[in-house]
Amino acid sequence: MSGTRCRGTAILFIMVLTIGCGERVPHPPSSATAAFAVHSIALPGAPQGGVFMDYLAYDRVHHRVWVPAGNTASIDVIDAACDHAGCDHVTRIEGFPTAEIERNGVKRTVGPSSATVGDGIVYVGNRGDSTVCAIDADSLQRGSCVVLESVPDGLAYVAATKEVWATLPGERSIAIIDAAARAALTRKATIRLDGQPEGFAVDDAQGVFYTNLEDADRTLTIDIATQRVTRTWMPGCGPDGPRGLALDGAIGVLLVACPDRVVALDARHDGRPLSAITVGGGLDNIDYVAHRHELYAAAARAATLTILRVGLDGGLIPVAVVPTAAGARNAVSTDEGTAYVTHSAAGEILVATPLGSH
């Protein structure tokens, strides 16, 4: 492991909200404005072509952002307690396997690509060797790994059963990993699906796991105990299908990321659509901070980060739009509302901090 210094120039954005709305917004915003300080963190060892990044994870206990840094064969761990330009706060966990793949005639190197936070352990999925490995959240020391039959996409920790669920689009399935024993991960079960799973959300209280079928424009509910699909909903994302998911379990609202908009579904009444709002093209994974009732949606083609507040009736209320960079996507947020966004082409993480949060 090695440390590095974050780089980037702090920029102040004060942005008047201009965002297109979908089906309805129950409480129209009143000329909302939002001010953010934005800077970038250069990832260590980034090659000239950038760093391939997909899913991030935020550890709310240790205040760390986990960045699987693909082609650098490492995980970069950012200390979110130090979120301004010029402070030493990136630790690199090195030595993960990588592999070269070819897609559409283009070769690229893949490696660690996803993470999920468990009880004192962070689990990392690696496309380089189709493994999921456990890393101690305190010491950052690597533990056991388990090999899957296909490359993992998203990972989700299910606290109620002490399991890690890994979506495997190539196998049209979900792999369930037993994580009850901290010293050893073991394969437990496989859930076969009728399409390619994309995105995830977990409702431990209700015992429900949510995922999408990207190639079928469907959202599924899966009973965690029986590991069976119980309901199939239609988010209406179109031929490119749904992507990420987020859940407000307290009010029973499931948030679905379509390629250019967010759709709110009533999770308590068979997926009834509640609202929708356009946030710009290139939307992928999304993040939700429950106590703030705020959703963070970074659109890669629109080059914006949109923050939405979720009303008690499932209405999506715009709060802010922050300029990012072309290709920036897959935000995660701290409890204070600071968002971390992948910018793979530049080999960096963009950090958007709301003014007055310190």
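The values are calculated or read from the model by the stated rules, or taken from the named source; none is laboratory data. Note that the structure is a prediction, hence the values are computed from the model and not measured. Reconstructed Cβ throughout: ideal geometry from the backbone, glycine too, with neighbour counts over all protein chains shown.
Within the stretch 55-104, take every residue that is assigned to a loop (DSSP other than H, G, I, E, B) and at pLDDT below 90 and give me the one that is farthest from Ala137 (Cα to Cα).
Asn104
Filtering the stretch 224-273 down to residues that are acidic (Asp, Glu) and more than 23 Å from Ser173 (Cβ to Cβ), which residue is surrounded by the most Cβ atoms within 10 Å (Cβ to Cβ)?
Looking at residues that are acidic (Asp, Glu) and more than 23 Å from Ser173 (Cβ to Cβ), I get Asp248.
Which residue pairs have Cβ atoms under 8 Å apart, sit 6 or more places apart or on different chains, and have a first residue in the stretch 295-313 that is without any contact (Cβ under 8 Å) to a residue 60 or more places away in the chain and a second that is part of a strand (DSSP E or B) and aromatic (Phe, Trp, Tyr)?
Leu295/Tyr288; Tyr296/Tyr288; Leu305/Tyr296
Here is a yes/no grid of residues against (1) part of a strand (DSSP E or B); (2) touching a Phe, Trp or Tyr at 6+ places or on another chain (Cβ under 7 Å); (3) surrounded by fewer than 22 Cβ atoms within 10 Å (Cβ to Cβ); (4) among the charged types (D, E, K, R):
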| site | (1), (2), (3), (4) |
| --- | --- |
| Pro318 | yes, no, yes, no |
| Val321 | yes, no, no, no |
| Ala325 | no, no, yes, no |
| Ala331 | yes, yes, no, no |
| Asp335 | no, no, yes, yes |
| Ala345 | no, no, yes, no |
| Ile349 | yes, yes, no, no |
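For Ala216, state whether it is at negative phi, without any contact (Cβ under 8 Å) to a residue 24 or more places away in the chain and not in a strand (DSSP E or B).
Details: at negative phi: yes; without any contact (Cβ under 8 Å) to a residue 24 or more places away in the chain: no; not in a strand (DSSP E or B): yes.
So Ala216 fails the test.
Could you list, in sequence order, all residues of the stretch 334-351 that are hydroxyl-bearing (Ser, Thr, Tyr) and under 11 Å from Thr324 (Cα atoms)?
We begin by selecting, within the stretch 334-351, every residue hydroxyl-bearing (Ser, Thr, Tyr); these are 334, 338, 340, 342, 344.
Matches in the stretch 334-351: Tyr340, Thr342.
Let me spell it out: the conditions are (1) touching a residue at least 60 places away in the same chain (Cβ under 8 Å); (2) within 16 Å of Ser113 (Cα to Cα); (3) surrounded by fewer than 16 Cβ atoms within 10 Å (Cβ to Cβ), and Val147 meets all of them except one. Which number is the exception?
That leaves (1) as the condition not met.
Could you check Phe52 against (1) under 28 Å from Pro259 (Cα atoms); (2) at pLDDT 95 or above; (3) in contact with an Asp or Glu (Cβ under 8 Å, 6 or more places away or on another chain) and say which number it fails?
With respect to (1) under 28 Å from Pro259 (Cα atoms); (2) at pLDDT 95 or above; (3) in contact with an Asp or Glu (Cβ under 8 Å, 6 or more places away or on another chain), Phe52 is out only on (3).
Kindly indicate the residue of the stretch 137-185 that is assigned to a loop (DSSP other than H, G, I, E, B) and among the β-branched types (Val, Ile, Thr) and also farthest from Asp203 (Cα to Cα) among those meeting that condition.
Val151
Given the condition farther than 18 Å from Val253 by Cα and in contact with a helix residue (DSSP H, G or I) (Cβ under 9 Å, 6 or more places away or on another chain), answer yes or no: does some residue in the stretch 293-300 qualify?
The answer is no, given that none of the residues of the stretch 293-300 is farther than 18 Å from Val253 by Cα and in contact with a helix residue (DSSP H, G or I) (Cβ under 9 Å, 6 or more places away or on another chain).
Criterion first (of a type in the set (Ser, Thr, Tyr) and in a loop (DSSP other than H, G, I, E, B)) does Thr232 satisfy it?
Against the criterion (of a type in the set (Ser, Thr, Tyr) and in a loop (DSSP other than H, G, I, E, B)), Thr232 does not qualify.
(1) loosely packed, with under 14 Cβ neighbours inside 10 Å; (2) over 16 Å from the mean Cα position of the chain (by Cα): which one isn't true of Arg60, the others all being true?
In the conditions (1) loosely packed, with under 14 Cβ neighbours inside 10 Å; (2) over 16 Å from the mean Cα position of the chain (by Cα), Arg60 misses (2) alone.
Picking from Asp204, Asp153, Asp194, which residue would you name as being within 24 Å of Val262 (Cα to Cα) and over 22 Å from the mean Cα position of the chain (by Cα)?
Going through Asp204, Asp153, Asp194 in turn, the sole match is Asp194.
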